[in-house]
Amino acid sequence: MDVSETIAPVKVRTNMADYDQAYADFKWQDVEKEFSWHETGKVNMAYEAIDRHAETWRKNKVALYYSDENRDEKYTFRDLKRLSNQFGNVLRNIGIEKGERVFLFMPRSPELYVSLLGILKNGSIVGPLFEAFMEQAVRDRLENSDASTLITTKELLPRVPYQELVHLNHIIIVGDAPDQVDETADIAFYSYEEEMKKASPQLDIEWVDREDGMILHYTSGSTGKPKGVLHVHNAMIQHYQTAKWVLDLQEDDIFWCTADPGWVTGTSYGIFGPWLNGASNLIRGGRFSPEDWYKTIETYGVTVWLSAPTAFRRLMAVGDNVAGEYDLSSLRHILSVGEPLNAEVVHWGMKVYQLRIHDHWWMTETGGMIIANYPSMELKPGSMGKPFPGIKAAILDDAGNELPPGQMGKLCIKAGWPSMLRGIWKNEERFKQYFPFEGWFESGDLASIDEDGYFWFEGRDDDVIQTSGERVGPFEVESKLVEHPAVAEAAVIGKPDPVRGEIIKAFVSLRDGYEKSDDLLEELRLFVKQGLAAHAAPREIEIREFLPKTRSGKIMRRVLKAWDLGLPTGDLSTMEE
Ligand code: WTA
């Protein structure tokens, strides 16, 4: 990786003129003044995201453009206020209380967003699930959270083992009624549409404390069952300010976050950040396809686009001419999150979109963006950028001491940023493990900082490869591999070896038009050897049609490793089909 290459800002129209200045001057306390609770001390995320705008000239501004194969709809801030009030009343009429866990298990639809806002207005804690979850994944989450209420659809209901979930008492069905339900189960079934019809659009919002629970996102670790990461209403401070400075949202933007709300990106930035800023959100249902995505940008005039490296790599793999068939000139700002954004993809983005793809780093546990590339800043391809103002990030060694620039170590964040996780549901022990060093949150990632203060991702703590005494970050090798024209995606693991400790094994999927051959494998090995370092060259390369990935697009190295070594794969609930 070339740590000295920079790309200057392009098409800049930015809310943050100068990073260093912002970093020096910024105080989170100043952001609090933007919200109503500055005066009242009581708060509700849904009020701040929707109702507040419905009380201003923005009331007729489109808050949500929703489209999928069958629907194409618009909702203003006033529409969403009214509908979410109604859904808040639906829950209240049923008797759902503040703090109860209400889960969503359905495809993206306007009803999903209305429900989510209504749950928050009722003071309940929302738990969004990926629609593709199968029974075990649904069971684990509903069981662990003791959810009382589930909102789902006829199609997904068969994957909900409701007869066996002792705390689940209410199921609200959106759309067609199920053909048949188990009447002997102690569950009350409701129709979303029927209940909405009966519900008043006037609601006394449940004003909560800023530290009251808001959302539970389950996330998988390398071991054990998924953990319920708890976030509170206070997180809005961070959602608001990061959406302003990193997404750079402005009044006339049409913002598209491609993430599903089952993933933290799909709520923090698919819902909260943009709406807290009064921006227009576009939600596109359905599956990824390059043509559909480019068409969506063209049709809606998307200006700011947030997606994931895996999507950009897939768009890269289909070839530049596909992008050329669409008018993408509305785009002014592109962002990527969720896994390393290889320098190669940034270069490709410059060529095809004439825009920089802004990588940024955070995780379910951090609730909001932590390290980012900002529109006005020089961007270094392959780097995650610099800490958000108000946040201290550092590289620590195994004893918790800060490491100087250039050294790889544990990426840690000074505890106390506004959207930090407040707990792991029913697992205090696991929560404590995030804070091994006094006052620091440990991310589990390895990274380094360069002389200019840019952060570089090196891998997960547990993925780093030790080979013949050399420490190799798999991401470096993967990045190199995807620079090769034949490679679409790559995943690299350490494979135990009696002589070298570990050897490097690469799993590679090929771009269209390339065939597996011994010559190609040798070429790839040499490519890494010559491009990176001899010790970093994979000794084994396996071509696979698909690499196992989470629904958020992260390649699951641990799964490949388990398959390779014939070990148990652990929790696979977040793996895409
Ligand atoms: C990884 C995602 C490299 C990292 C919002 C982190 C990244 C984990 C980046 C969290 C990035 C996220 N570069 N790696 N820009 N962003 N990651 O909880 O390993 O799904 O710890 O949240 O993704 O994933 P999560």
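The values are calculated or read from the model by the stated rules, or taken from the named source; none is laboratory data. Just so we're clear, the structure is a prediction, and the values are computed from it rather than from any experiment. Neighbour counts run over all protein chains shown; Cβ positions are idealised from the backbone, glycine included. Heavy atoms of the whole protein, side chains included, go into the accessibility calculation; ligands, DNA and RNA do not. Shrake-Rupley method; radii C 1.70, N 1.55, O 1.52, S 1.80 Å.
Quick notes
- With every protein chain in place, the stretch 465-565: carbon and sulfur % of accessible area (1.4 Å): 45 percent
- Think of a 1.4 Å ball rolled over the protein heavy atoms: the chain then has 39 Å² of accessible area per residue.
- Relative contact order (%) - the chain, alpha-carbon pairs under 8 angstrom, separation at least six: 13 percent
- Using the Cα coordinates of the stretch 284-377, the gyration tensor eigenvalues translate into equivalent-ellipsoid semi-axes of 22, 15, 13 Å, sorted from longest to shortest.
- Of the residues Pro538, Trp207, Leu150, the one whose Cα sits farthest toward the positive end of the charge dipole of the chain, with +1 on the Cβ of Lys and Arg and -1 on the Cβ of Asp and Glu, is Trp207.
- Heavy atoms of Trp425: accessible area, 1.4 Å probe, square angstrom to 10: 50 Å²
- Per-residue accessible area (protein heavy atoms, 1.4 Å probe) orders Glu344, Glu69 as Glu69, Glu344, starting from the largest.
- Accessible area in the full protein assembly, largest first, 1.4 Å probe, for Glu211, Glu542, Glu111: Glu211, Glu542, Glu111
- Taken about its Cα centre, the stretch 465-565 carries a charge dipole of about 540 debye when Lys and Arg each add +1 at the Cβ and Asp and Glu each add -1 at the Cβ.
- Cα-centre dipole for the chain with unit charges at Cβ (Lys and Arg positive, Asp and Glu negative), debye to 20: 760 debye
- Extreme residue, positive dipole direction of the chain, given options Phe130, Leu520, Thr303 (C-beta unit charges): Thr303
- Annotation for the stretch 244-319: GluC sites (Glu not before Pro) lying in DSSP loop with at most 16 further Cβ atoms inside 10 Å of their Cβ are Glu251.
- Atom-type composition of the exposed protein surface of the stretch 222-320 places 52 percent of the accessible area on carbon and sulfur (1.4 angstrom probe).
- With both residues required to sit in the chain, DSSP beta bridges show an antiparallel share near 55%.
- Surface composition of the stretch 1-116: carbon plus sulfur atoms contribute 45% of the solvent-accessible area (1.4 Å probe, protein chains only, all chains present).
- Cα gyration tensor shape for the stretch 465-565, rounded if a/c is under 1.5, else prolate or oblate: oblate
- These residues, Phe255, Phe130, Phe288, go from largest to smallest accessible area, 1.4 Å probe, as Phe288, Phe130, Phe255.
- Centroid-to-centroid separation of the stretch 310-359 and the stretch 17-74 [C-alpha atoms, Å]: 28 Å
- The chain - Debye-derived log10 I(q)/I(0), Cα point model, q = 0.06 Å⁻¹: -0.29
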